[in-house]
Amino acid sequence: MSHGSQRDVVADLVDIAARTVELARKAGAEVAEALVRDGSELTVKVRLGETELVKEAASRALGLRVFAHGRAAVTYTSDFGAAALASFARSTVELARLAEPDECNLPPAADELAQAPLPDLDLWDERTLAVDAAWAIREATRGEAAARAADARVTNSDGGTFSRTAGASAFATSAGFAGGYRGTYSALSVEPLAEDEGGKKRTGSYWTAARHLAELEDAEQVGLEATRRTLAKLGARKIDTCEAPVVFDPDAARGLLREFFGVTTGAAFYRKSSYLVGQEGQVVASPLLTIVDEPLLPRGPGSRPYDGDGLPSRRNVVVDAGRLTTVLCDLYSARKLGRRSTGSAARGVGGSPGPSASNLVLQPGTATREEIVRGAGRGLYVTELMGFGFNAVTGDFSRGASGFWIEGGELTYPVTEVTISANFADLWRNLDAVGCDVDRRSSLVCPTLRVARMMIAGR
Amino acid sequence: MAERFVFPIDAALAQRLLGFALERGGEYADLYFEYRQGADFVLEEERVKTVGRGVTMGLGVRVLRGDATGYAYTEELSFERMAQAARTAAQIASGGPTVAPVDVAVATGAPSFYPVELPTLEAAPEGKLELLRRADRAARASDPRIVKVEASLTEEVKDVLVITSDGIFVEDRQPLMRFGVRAVAEDGTKRQSGSSGGGGRFGLEYFGAGPDDARSPEAHGREAARVALAMLDARDAPAGEMEVVLAPGDSGILLHEAIGHGLEADFARKRTSNYSDRIGERVASDLCTVVDDGTIGHSRGSINVDDEGQVGQKNVLIEGGRLVDYMHDRLSARHFRRGPSGNGRRQSFRHMPLPRMTNTCLLAGPHGPDEILASVKRGVLAKRFSGGQVNISNGDFVFSLTEGYLIEDGRITAPLKGVNLIGNGPDVLTKVTMLGADFALSDGIWTCGKDGQSVPVGVGTPTVKIAAITVGGTRAS
């Protein structure tokens with residue numbers, strides 16, 4: 001599909017979604033909801049100065065959810081032909097007979113739906129769309145070249161990668177919602193490689209990403225920062241097992257925030273899959289912790305004008321000065337918990353809606369990174385977390401970590417092959433510093449954090 | 001639904017498309033057609049709430065020139081769209097001599113490592129709903145403290161057709177199913193969850209004949225409940241380096257992360273792995289022989305042909321502790337001037353092939369599992385895992401334990417809370433000091449991610465004793 005006239009693309013997709021809803025209604029569905037996506041991607045990778053990959057393609061998909069006799073089915077297809085869609089709608093309705101009725105699984109009331117005009121969140125950038133392979137190769141080359149030229153100890157490279165996507169999404173429901181929006185996103189990452197004296201390889205990558213091309217960091221700066229991070233890891237070693245303060249660099253802190261979000265959703269609550277069940281309205285963290293979900297941020301990587309149920313997006317304060325104030329709900333989990341949706345549903349083409357964060361912002365504090373490290377005295381500065389060690393039901397958290405040892409309030413030598421552990425109930429209560437730094441590259445916006453004490457397992 | 005999809009392509013059309021792909025000077029091109037049907041059923045709160053189904057199809061076109069790849073795909077299999085994809089992929093090359101594709105002809109058929117008469121996807125749905133209910137009832141019946149049960153069945157049938165400019169034309173049908181149960185147990189203020197699952201390239205025969213079968217829905221339901229209940233009494237895990245005993249089967253996740261990824265030859269080709277340039281060297285204790293075997297009957301990671309059209313193989317990677325081979329895709333095999341190893345895999349037609357594992361196994365050793373346990377003064381027994389991850393460049397890897405026990409004086413004494421274990425790949429297998437005679441393959445649940453692509457894999461090990469690895473608990477030991 002041509003992207004020459006993107007506004008028409010959105011209108012076309014809304015039209016396809018609305019027609020599919022109509023076809024499902026004719027086939028016997030009481031309720032139908034159709035989500036249509038259409039997008040293009042370009043990815044190039046340059047390694048050691050040579051182009052290694054050019055990938056370019058357009059893609060589209062349609063997801064349909066129907067309710068027939070109170071029973072739900074979810075299906076998807078990439079065949080948008082008129083005859084194919086009609087048969088697809090009929091077979092979806094037919095499929096629903098297999099499910100069992102669920103009184104909570106109902107569409108929103110008409111007056112709950114997002115109304116036109118939808119907010120314009122400035123997610124689209126013509127310049128991003130115009131990026132072609134030659135330009136992308138040039139940027140990836142610049143980034144990688146800067147990384148390699150920066151220091152003779154950079155002996156190899158995992159390359160520079162530039163990617164961009166441009167796409168449109170439309171949603172229509174039999175309850176009366178019909179709308180769509182479009183967005184662009186581009187990213188550049190560079191990953192140089194250096195070797196320790198013992199021959200052990202170290203990589204430290206750095207990346208930049210934005211909805212608008214003009215907001216990307218310069219490719220050379222990305223390369224230089226990647227090399228700085230790589231060289232800093234040379235000579236990394238294991239440390240002895242101890243209990244100590246742990247400072248989380250924003251890259252690592254995002255991992256904490258992601259896990260924490262998972263235990264604050266309505267889906268986790270009604271499934272009893274959160275250690276926070278029963279603690280709504282209570283203090284669950286240090287007063288330094290405030291977390292807000294911000295779907296309406298202009299140019300935000302996770303921004304959305306409406307949610308996956310067709311409800312208007314809204315700002316939600318999840319944690320206010322340590323108190324759990326809002327459990328983020330889609331329509332279904334809200335009904336399960338006997339309350340109203342917070343407009344936090346996300347929906348993929350092949351699935352049912354579920355609660356999801358948009359731009360989840362951990363509100364910055366007042367301390368600089370240097371002050372936070374100094375205040376730790378002696379402890380671990382974590383730049384990278386590894387693995388999946390989080391039990392949502394109990395809050396037990398245990399992860400692989402690497403970073404730097406803090407001694408006398410300063411970063412000293414690099415550390416690798418250790419784990420850090422704590423129960424989340426303690427970890428968030430022991431949060432004793434929140435940085436003033438803001439990193440807007442990701443939909444998880446998180447400053448530098450410090451936890452007063454955690455168990456560090458090493459030798 | 002039961003009718004096999006027929007790709008709208010013959011040798012003559014393939015020849016034309018490959019011609020477009022090579023018209024700018026590419027050295028090699030391939031076409032990957034995929035028709036994937038998927039379905040899923042989820043039971044929650046004693047009801048099958050939603051059923052899902054979908055179809056994706058498309059063509060991926062790849063062009064190689066030197067180490068460079070051009071890639072494009074289309075979901076529409078019209079001649080115009082397929083030709084456009086071929087010409088887009090062709091752009092990686094610019095000028096130079098044009099190589100004509102050799103004549104492609106229908107090949108003599110692939111082996112069959114997973115003959116399935118009726119994929120679960122094509123079986124009557126009512127019976128499948130009953131499987132979920134059986135698991136739910138069995139989990140609930142195990143103990144009144146089981147308060148939530150979720151059961152799911154995910155199934156697919158993937159038809160693929162690979163056509164290459166050097167003459168391969170091969171089709172494969174790849175059925176896959178995965179069954180899973182998760183239970184939550186509650187006792188006063190304590191709450192825990194447990195899960196059990198399995199599957200592979202099976203039809204409904206996977207579940208066995210009745211409720212007493214080890215892979216029946218009831219068995220998975222009871223097992224999920226057992227884990228949740230056992231973990232109710234879990235205590236804080238110790239922190240620091242100690243002896244660890246890995247139970248047979250799923251513990252292969254350690255192998256997969258610690259050494260498997262590092263032996264994928266794209267890393268060796270680029271010299272970005274700790275195992276680069278180490279063929280012939282000792283990388284494990286002499287007890288260890290590691291194979292990657294795509295030919296194991298019905299296993300989740302098995303492949304009749306890989307996604308570059310090469311027949312699935314059994315490859316010895318480490319023999320008696322020495323590194324003997326890497327796993328290859330076409331690019332790396334050419335770089336190392338060797339034949340294919342059958343490890344060129346991709347997630348879908350939207351992705352280019354990479355060297356990937358199939359079923360990665362540490363073969364059985366001489367020791368009895370009881371003997372191994374008895375030898376441990378103080379350590380951890382690791383039974384179930386939620387996943388793992390590796391840093392290819394420095395070799396650090398983690399795996400996350402969801403069911404583990406404290407071992408004291410050779411005996412299991414207490415269940416432990418979930419923890420991460422961390423080690424270094426080239427180091428950890430040298431610390432394998434005992435290896436059981438009780439090899440087991442994991443019951444098909446694992447999916448491996450690399451470069452944003454997921455593929456189903458299998459793992460297998462006997463009981464393994466590791467002399468020292470860091471356990472990431474919260475209690476100083």
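The values are calculated or read from the model by the stated rules, or taken from the named source; none is laboratory data. Note that the structure is predicted; figures quoted are calculated from it, not measured. Neighbour counts run over all protein chains shown; Cβ positions are idealised from the backbone, glycine included. Remember, those area values only see protein heavy atoms, side chains included, never the ligands or the DNA or RNA. Shrake-Rupley method; radii C 1.70, N 1.55, O 1.52, S 1.80 Å.
Against the conditions (1) touching a strand residue (DSSP E or B) at 6+ places or on another chain (Cβ under 6 Å); (2) within 27 Å of B:Met352 (Cβ to Cβ), where does A:Glu30 fall short? Just the number, please.
Only one criterion is unmet by A:Glu30, namely (2).
Would you please name the residue that is modelled with the lowest pLDDT, looking only at residues in region B:362-395 that are assigned to a loop (DSSP other than H, G, I, E, B) and either outside the structural domain of B:Arg411 (by TED's automatic domain parsing) or open to solvent by 30 Å² or more (accessible area, probe 1.4 Å) (or both)?
It comes out as B:Ile392.
Quick one: in region A:440-459, of everything that is within 14 Å of chain B (Cβ to nearest Cβ) and surrounded by 21 or more Cβ atoms within 10 Å (Cβ to Cβ), which residue is farthest from B:Asn424 (Cα to Cα)?
Once the filter is applied, the top-ranked residue is A:Val451.
When B:Gly198 is evaluated against the numbered criteria (1) assigned to a helix (DSSP H, G or I); (2) open to solvent by less than 10 Å² (accessible area, probe 1.4 Å), which criterion, by number, is the only one it fails?
(1)
Would you mind telling me which numbered condition in (1) open to solvent by 40 Å² or more (accessible area, probe 1.4 Å); (2) of a type outside the set (Lys, Arg); (3) under 25 Å from A:Thr161 (Cα atoms) A:Ser40 fails?
Of (1) open to solvent by 40 Å² or more (accessible area, probe 1.4 Å); (2) of a type outside the set (Lys, Arg); (3) under 25 Å from A:Thr161 (Cα atoms), only one is false for A:Ser40: (1).
Test A:Val318 against the stated conditions and say whether it is surrounded by fewer than 19 Cβ atoms within 10 Å (Cβ to Cβ), assigned by TED's automatic domain parsing to the domain that holds A:Thr448 and part of a strand (DSSP E or B).
no
Rundown of residues vs (1) touching a helix residue (DSSP H, G or I) at 6+ places or on another chain (Cβ under 7 Å); (2) crowded, with 19+ Cβ neighbours inside 10 Å; (3) polar (S, T, N, Q); (4) part of a loop (DSSP other than H, G, I, E, B), yes/no style:
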site: A:Gly223; (1), (2), (3), (4): yes, yes, no, no
site: A:Leu231; (1), (2), (3), (4): no, no, no, no
site: A:Glu243; (1), (2), (3), (4): no, no, no, no
site: A:Arg254; (1), (2), (3), (4): no, yes, no, no
site: A:Ala267; (1), (2), (3), (4): yes, yes, no, no
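Which numbered condition in (1) closer than 27 Å to B:Thr74 by Cα; (2) modelled with pLDDT of 95 or more; (3) within 12 Å of chain B (Cβ to nearest Cβ) is the only one that A:Val66 fails?
Single failed check for A:Val66: (1).
One line per residue, one yes/no per condition, for (1) touching a Phe, Trp or Tyr at 6+ places or on another chain (Cβ under 6 Å); (2) more than 14 Å from chain B (Cβ to nearest Cβ); (3) in contact (Cβ under 8 Å) with a residue 12 or more places away in the chain:
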{"residue": "A:Leu380", "(1), (2), (3)": "no, no, yes"}
{"residue": "A:Ser398", "(1), (2), (3)": "no, no, yes"}
{"residue": "A:Phe404", "(1), (2), (3)": "yes, yes, yes"}
{"residue": "A:Gly409", "(1), (2), (3)": "no, yes, yes"}
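Taking B:Ser273 as the residue in question, decide whether it is open to solvent by less than 10 Å² (accessible area, probe 1.4 Å), of a type in the set (S, T, N, Q) and either within 14 Å of chain A (Cβ to nearest Cβ) or in contact (Cβ under 8 Å) with a residue 40 or more places away in the chain (or both).
Spelling it out, B:Ser273 is indeed open to solvent by less than 10 Å² (accessible area, probe 1.4 Å), of a type in the set (S, T, N, Q) and either within 14 Å of chain A (Cβ to nearest Cβ) or in contact (Cβ under 8 Å) with a residue 40 or more places away in the chain (or both).
Being more than 7 Å from every other protein chain (Cβ to nearest Cβ), of a type outside the set (Phe, Trp, Tyr), open to solvent by 10 Å² or more (accessible area, probe 1.4 Å) and part of a strand (DSSP E or B) is the filter here; which residues of region B:26-56 pass it?
Correct list: B:Arg36, B:Asp40, B:Val42, B:Glu44.
Which one of these is basic (Lys, Arg), surrounded by fewer than 23 Cβ atoms within 10 Å (Cβ to Cβ) and more than 14 Å from chain B (Cβ to nearest Cβ): A:Arg304, A:Arg347, A:Arg335, A:Arg340?
A:Arg340
Identify all residues within region B:351-385 that are within 14 Å of chain A (Cβ to nearest Cβ) and touching a helix residue (DSSP H, G or I) at 6+ places or on another chain (Cβ under 9 Å); write none if there are none.
Residues satisfying the conditions are B:Pro353, B:Leu354, B:Ala382, B:Arg384, B:Phe385.
Considering only region B:174-195, state which residues are open to solvent by 50 Å² or more (accessible area, probe 1.4 Å) and at pLDDT 95 or above.
Hits for region B:174-195 are B:Arg178, B:Arg182, B:Asp187, B:Ser195.
Hey, any hits in region A:401-413 for a residue that's farther than 27 Å from A:Gly262 by Cβ and surrounded by 24 or more Cβ atoms within 10 Å (Cβ to Cβ)?
Within region A:401-413 (the criterion being farther than 27 Å from A:Gly262 by Cβ and surrounded by 24 or more Cβ atoms within 10 Å (Cβ to Cβ)), the answer is yes, since at least one residue qualifies.
Scan region B:22-66 residue by residue and report those that are touching a Lys or Arg at 6+ places or on another chain (Cβ under 6 Å) and of a type in the set (Gly, Ala, Ser).
Matches in region B:22-66: B:Gly26, B:Ala39.
When you scan region A:89-103, how many residues do you find that are open to solvent by 10 Å² or more (accessible area, probe 1.4 Å), more than 9 Å from chain B (Cβ to nearest Cβ) and under 23 Å from A:Ala346 (Cα atoms)?
Total meeting the criteria: 2.
Pull out all pairs, ordered by first then second residue, where Cβ-Cβ is under 6 Å, the residues are six or more apart or on different chains, the first lies in region A:414-439 and is away from chain B (no Cβ under 11 Å), and the second is polar (S, T, N, Q) and open to solvent by 10 Å² or more (accessible area, probe 1.4 Å).
A:Cys436/A:Thr366
Just one of A:Ala83, A:Ala57 is of a type in the set (Gly, Ala, Ser) and more than 8 Å from chain B (Cβ to nearest Cβ); which is it?
Residue meeting the stated conditions: A:Ala83.
Exactly one of (1) open to solvent by 60 Å² or more (accessible area, probe 1.4 Å); (2) at pLDDT 95 or above; (3) polar (S, T, N, Q) is unmet by A:Gln115. Its number?
Failed condition: (2).
Can you confirm whether B:Glu257 is open to solvent by less than 30 Å² (accessible area, probe 1.4 Å) and assigned to a helix (DSSP H, G or I)?
Against the criterion (open to solvent by less than 30 Å² (accessible area, probe 1.4 Å) and assigned to a helix (DSSP H, G or I)), B:Glu257 qualifies.
Conditions: (1) within 12 Å of chain B (Cβ to nearest Cβ); (2) surrounded by 21 or more Cβ atoms within 10 Å (Cβ to Cβ). A:Leu13 meets all but one. Number of the miss?
Among (1) within 12 Å of chain B (Cβ to nearest Cβ); (2) surrounded by 21 or more Cβ atoms within 10 Å (Cβ to Cβ), the lone unmet condition for A:Leu13 is (1).
Might you let me know whether region B:79-98 holds any residue that is in contact with an Asp or Glu (Cβ under 7 Å, 6 or more places away or on another chain), more than 14 Å from chain A (Cβ to nearest Cβ) and not in a helix (DSSP H, G or I)?
Scanning region B:79-98, I find at least one residue that is in contact with an Asp or Glu (Cβ under 7 Å, 6 or more places away or on another chain), more than 14 Å from chain A (Cβ to nearest Cβ) and not in a helix (DSSP H, G or I), so the answer is yes.
Filter region B:437-467 down to residues that are part of a strand (DSSP E or B) and either out of contact with any helix residue (DSSP H, G or I) (no Cβ under 6 Å at 6 or more places or on another chain) or over 20 Å from B:Leu406 (Cβ atoms) (or both), then give me how many there are.
Number of matching residues: 15.
Out of (1) modelled with pLDDT under 95; (2) surrounded by fewer than 20 Cβ atoms within 10 Å (Cβ to Cβ); (3) under 30 Å from A:Ala210 (Cα atoms), what's the single condition that is false for A:Asp122?
Exception for A:Asp122: condition (1).
Please work out if A:Pro364 is open to solvent by 10 Å² or more (accessible area, probe 1.4 Å), modelled with pLDDT of 95 or more, in a loop (DSSP other than H, G, I, E, B) and more than 14 Å from every other protein chain (Cβ to nearest Cβ).
So A:Pro364 passes the test.
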